[in-house]
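The block underneath contains the structure these notes are about, expressed in C-alpha cells.
Each value in this text was obtained by applying a stated rule to the coordinates, not by laboratory testing. All values derive from a computational prediction rather than experimental measurement. Backbone-built Cβ (ideal geometry, glycine too); neighbour counts: all protein chains shown.
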Amino acid sequence: MDLGIAGRRAAVAAASAGLGLGAARALAAEGARVAICGRDRERLDGAVAGLGEGAVAIAADLSDPAGAAAFVEEAGERLGGPVDILVPNAGGPPPGTFASTDLDGYRAALELNCLSTVAMCQAAVPAMRERGWGRVVAITSLGARQPIGHLIASSTARAAVTGFLKVLATEVAADGVTVNSAQPGTHHTARVAALSGSLDELASAIPAGRLGDPDDFGAVVAFLCSEQAGFVTGVGLHIDGGAHAGLQ
C-alpha cells in the first residue's frame, strides 16, 4: 500500500534507537524526508546512516522544552520547509514508586514526556494548519492507559500529554491536521532490557507470547501519518500484543 507521504518532511524525536528509530525507518521507507534527533552524536550518526539519502541528524536535548522546539525548527530548515509530519518522542523517566519519587522527579518527567511534546507541537502545528495538511503521532506508553508498576512518574506524564493531544486534535481537525498517539506496550528495546531482569518472563505475560518489534511499531506510526488515515484523529492506539486489560 502506498501511504501517500513520499516527499513529506518528517521530524522524529529521540530516534537514534528503539521505537523512535523504528518509526523513522518506516517513514523513510515510504519516501518521507526524515530528520531525527538524539543526544549521543555517535549513535545518532549511525542511525541516520541507515535511513537513506537525505536523512538528517540533529543533536537535541528534549528534557528542555526549548531544545525540543529548536529540534523542530532546525528540522524544517534542513529539510527545506516546515515539517508535515511530527513524531514527538522522548526517553522514559527513571523507575520509581509513590514512596520513592519526590516532586522533582515528577517535574523532570513532565518536562521530558509532556512539555517537550507541547513545545514540538507549538513549533510545528501552526504551519501545518496554514497548509491544510499535517500529521502528529506522539509515541507515549501503555502507562497512559493502565498502571505500570514502578513507573509512577512516567505514567503521570504520559497521561498528561494524552490529555493535551486529545484537546489539540479537536482544535485542529478542521484544518486537515490529525493528532494521535501510539501507546506501546513492551517492545524489545534497550530501555526494556535495562529495566527487566528477564525478557522471557516479560514475553510470557503478553497474550501474543512475545515482545513487540520496533519496526512493526514503526509501521503503525507510518500508517497513522498516511493519507489513508486522514479521518483518524484524537486516538490513543495501544500497540501491545493484547496486554491492555480494559475494554477501551
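Which of THR97, THR140 comes first, and how do the rest follow, when ranked by fewest Cβ neighbours within 10 Å?
Working: THR97 11, THR140 27.
Ordered by Cβ neighbours within 10 Å, fewest first: THR97, THR140.
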HIS238 long-range amide H proximity, modeled H, under 5 Å: GLN183
Placed amide H near ALA35: partners under 5 Å, 5+ positions off or other chain: ALA10, ALA11, VAL12, VAL56
Helical mean residue ellipticity (222 nm; -39500 (n - 2.57) per DSSP H run of 4+; nearest 500) of the chain: -13000 deg cm²/dmol
Sorted by Cβ density within 10 Å, fewest first, the residues PHE71, PHE98: PHE98, PHE71
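Taking DSSP loops as anything outside H, G, I, E and B, show the longest stretch in the chain free of GluC sites (Glu not before Pro) there with at most 15 other beta carbons within 10 Å.
Answer from the scan: 54-226.
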Per-residue HN-Hα couplings for the range 45-57 [Karplus 6.51, -1.76, 1.60; θ = phi - 60°; Hz; x = Gly/Pro]: 5, x, 5, 5, 5, x, 9, x, 4, x, 6, 10, 10
Nearest 10 degrees, 0 to 90: helix 152-172 Cα axis against the chain principal axis: 30
On Cα atoms only, tilt of 214-224 relative to the major axis of the chain in degrees: 50
Listed residue (ALA60, VAL179, THR189) projecting farthest to the positive dipole end of the chain, Cβ model: VAL179
FRET efficiency for ALA208 and GLN248, using Cβ-Cβ distance with R0 set to 25 Å, rounded to 0.05: 0.80
The chain - percent relative contact order, Cα under 8 Å, separation 6 or more: 21
HN-Hα J in Hz across the range 85-90 - Karplus 6.51, -1.76, 1.60, θ = phi - 60°, x for Gly and Pro: 10, 10, 10, x, 6, 6
In nm, spacing of pseudo-spin labels at ALA127 and HIS188 (7 Å Cα→C-beta vector): 3.7
Residue-wise HN-Hα coupling along the range 124-137, computed from phi with Karplus coefficients 6.51, -1.76, 1.60 (Hz; x: Gly, Pro): 9, 5, x, 5, 4, 5, 5, 7, x, 7, x, 9, 10, 10
Nearest 10 degrees, 0 to 90: helix 18-29 Cα axis against the chain principal axis: 30
Virtual spin-label span in nm between ALA173 and ALA108, 7 Å along Cα→Cβ: 3.8
